[in-house]
Amino acid sequence: METKNYQDLKKEVWDAGICSGCGACIAVCPADALCFGKPGHEACPTNTGYCKSASDQVACGACYYACPRTSEVPDEIIGPSLKIVSAKAGFEVTRRQSGGAVTALLVNALEEGMIDAVVTVSEDRWTMKPSSVVITSSEELIIQAGSRYNWWVPLLSALKTAVVQKKYQRIAVVGVPCVVQALQKIRESDLDLLRPYGKAIRLVVGLFCTESFDYQALMEKTLKGKYGVETWQIEKMDVKGKLEVTMKDGSTLVVPLPELEDTIRPGCRYCRDLTSVYADISAGAVGSPRGETTLIIRNQTGEIFVRSAEKNGRLITGGEVDLASIEKLGRAKQSRPCHP
């Protein structure tokens, strides 16, 4: 069978406008030939002009086979589960987004030696601009708690740093559904170039996500331009069928999602997965009381991490979860047009 390469990826995904922006192709390219950031082409990666397969006829295909958009996107809402619980951190997490349960799970995992690194999202506290990072200390995880995953960032680009440069072998990744879909493909692949990444991923925590927003379009054009809100005034933001912006002075701005259509990344309109159904553990605020996190424990791996955090008092579970509210939001996401 002929191996696909970046030219196929460009034709089928980038040029079709369905790129999720997850960064998986950038992470796994052995030639470091893919990148984001070329002016006018921020919606998808670009190639530097070289490809092992296209240029030298050396079989590769890593970028194509790691991409979550080169296969069918999942359309389940809840997905497989062993247990669904409401949870919160058993210790103080100052900037937690909801219940701080994801931070609690990862802090416990690091302290217990279950993982040695976390690939996740950080943000500049002043500008709220996001970046993908590799974190190896529980203290830094707590500091970064509350970082927003609703911003678009090529999260998996940091996976190369963790696996290739730092040589970590027990990595947890926290990401939105497209990231989780890419990781599922990498974990299941028998391609030699993807296998080292798959072996190094020990835990995948998937986040509930309706869509991700372009930083410049949301912060500069909408929040600042239309509502006069500066980034330094914002304490946190959350999306639950609408955008809730909590200010540092305690006031709240609510922006209906229809007003944010122009700020949503085009590739998000292709995704039908609300709850990251391919994760080991999925997490989101929907379905749980305020101040708690809904956890969908999907498999034995996820169960082991949750039980360890519970045993050590890092995670408190037990609240009821309103599955109907999750299903309602999931149906709303699936009802949108499938293509941009």
Take the residues in the range 95-124 that are modelled with pLDDT of 85 or more and in a loop (DSSP other than H, G, I, E, B), then tell me which one is nearest to GLY330 (Cα to Cα). GLY100
Exactly one of (1) modelled with pLDDT of 90 or more; (2) of a type in the set (Gly, Ala, Ser); (3) assigned to a loop (DSSP other than H, G, I, E, B) is unmet by ALA27. Its number? (3)
Could you look through the range 259-318, keep only residues that are of a type in the set (Asp, Glu) and surrounded by fewer than 23 Cβ atoms within 10 Å (Cβ to Cβ), and pick out the one that is nearest to VAL174 (Cα to Cα)? GLU303
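How many residues are at pLDDT 65 or above, out of contact with any Cys (no Cβ under 9 Å at 6 or more places or on another chain) and closer than 14 Å to VAL153 by Cβ if we restrict to the range 37-51?
Number of matching residues: 1.
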Looking at the range 63-82, which of its residues are farther than 26 Å from ILE304 by Cβ, more than 18 Å from the chain's Cα centre (by Cα) and surrounded by fewer than 16 Cβ atoms within 10 Å (Cβ to Cβ)? SER71, GLU72
Let me confirm something: among GLU92, GLU140, which residue is in a loop (DSSP other than H, G, I, E, B), farther than 30 Å from PRO266 by Cβ, free of Cβ contacts under 8 Å to residues at least 24 places away in the same chain and not hydrophobic (A, V, I, L, M, F, W, C)? GLU92
Using the structure shown, decide if MET247 is surrounded by fewer than 18 Cβ atoms within 10 Å (Cβ to Cβ) and modelled with pLDDT of 85 or more. yes
From THR210, THR222, which residue is closer than 19 Å to ARG265 by Cβ and part of a loop (DSSP other than H, G, I, E, B)? THR210
Residues being under 23 Å from GLY206 (Cβ atoms) and in a loop (DSSP other than H, G, I, E, B): count how many of those fall in the range 45-84. 17
Is it true that PHE208 is in contact with a Gly (Cβ under 8 Å, 6 or more places away or on another chain), of a type in the set (Phe, Trp, Tyr) and buried (at least 18 other Cβ atoms within 10 Å of the Cβ)? yes
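Of the residues THR317, THR301, THR294, only one is outside the structural domain of LEU243 (by TED's automatic domain parsing) and under 22 Å from GLU211 (Cβ atoms); which?
Answer to the check: THR294.
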For VAL255, all conditions in the list (1) within 20 Å of the chain's Cα centre (by Cα); (2) in the same structural domain as LYS242 (by TED's automatic domain parsing) hold save one; what is the number of the exception? (1)
Quick check on GLY228: is it modelled with pLDDT under 85 and at positive phi? no
Going by the structure shown, is LEU257 of a type outside the set (Phe, Trp, Tyr), touching a residue at least 40 places away in the same chain (Cβ under 8 Å) and within 29 Å of ALA162 (Cβ to Cβ)? no
Condition (residue is of a type in the set (S, T, N, Q) and within 11 Å of ILE84 (Cβ to Cβ)) applied to the range 278-293: is it met by at least one residue? yes
Give just the number: which of (1) closer than 30 Å to LEU243 by Cα; (2) modelled with pLDDT under 80 does ALA54 not satisfy? (1)
Would you confirm whether any residue within the range 195-205 is closer than 22 Å to PRO45 by Cβ, in contact (Cβ under 8 Å) with a residue 24 or more places away in the chain, of a type in the set (Lys, Arg) and touching a helix residue (DSSP H, G or I) at 6+ places or on another chain (Cβ under 9 Å)? no
In this structure, does THR103 turn out to be under 27 Å from ALA200 (Cα atoms), of a type in the set (Val, Ile, Thr) and either in contact with a strand residue (DSSP E or B) (Cβ under 6 Å, 6 or more places away or on another chain) or crowded, with 18+ Cβ neighbours inside 10 Å (or both)? yes
Would you confirm whether or not the range 150-172 contains a residue that is touching a residue at least 12 places away in the same chain (Cβ under 8 Å), closer than 28 Å to GLN334 by Cα and among the basic types (Lys, Arg)? no
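The values are calculated or read from the model by the stated rules, or taken from the named source; none is laboratory data. The shown structure was predicted, so the numbers you read here are calculated from the model rather than taken from an experiment. Quick reminder, even Gly has a Cβ in these numbers, built from the backbone with ideal geometry, and neighbours come from all protein chains shown.
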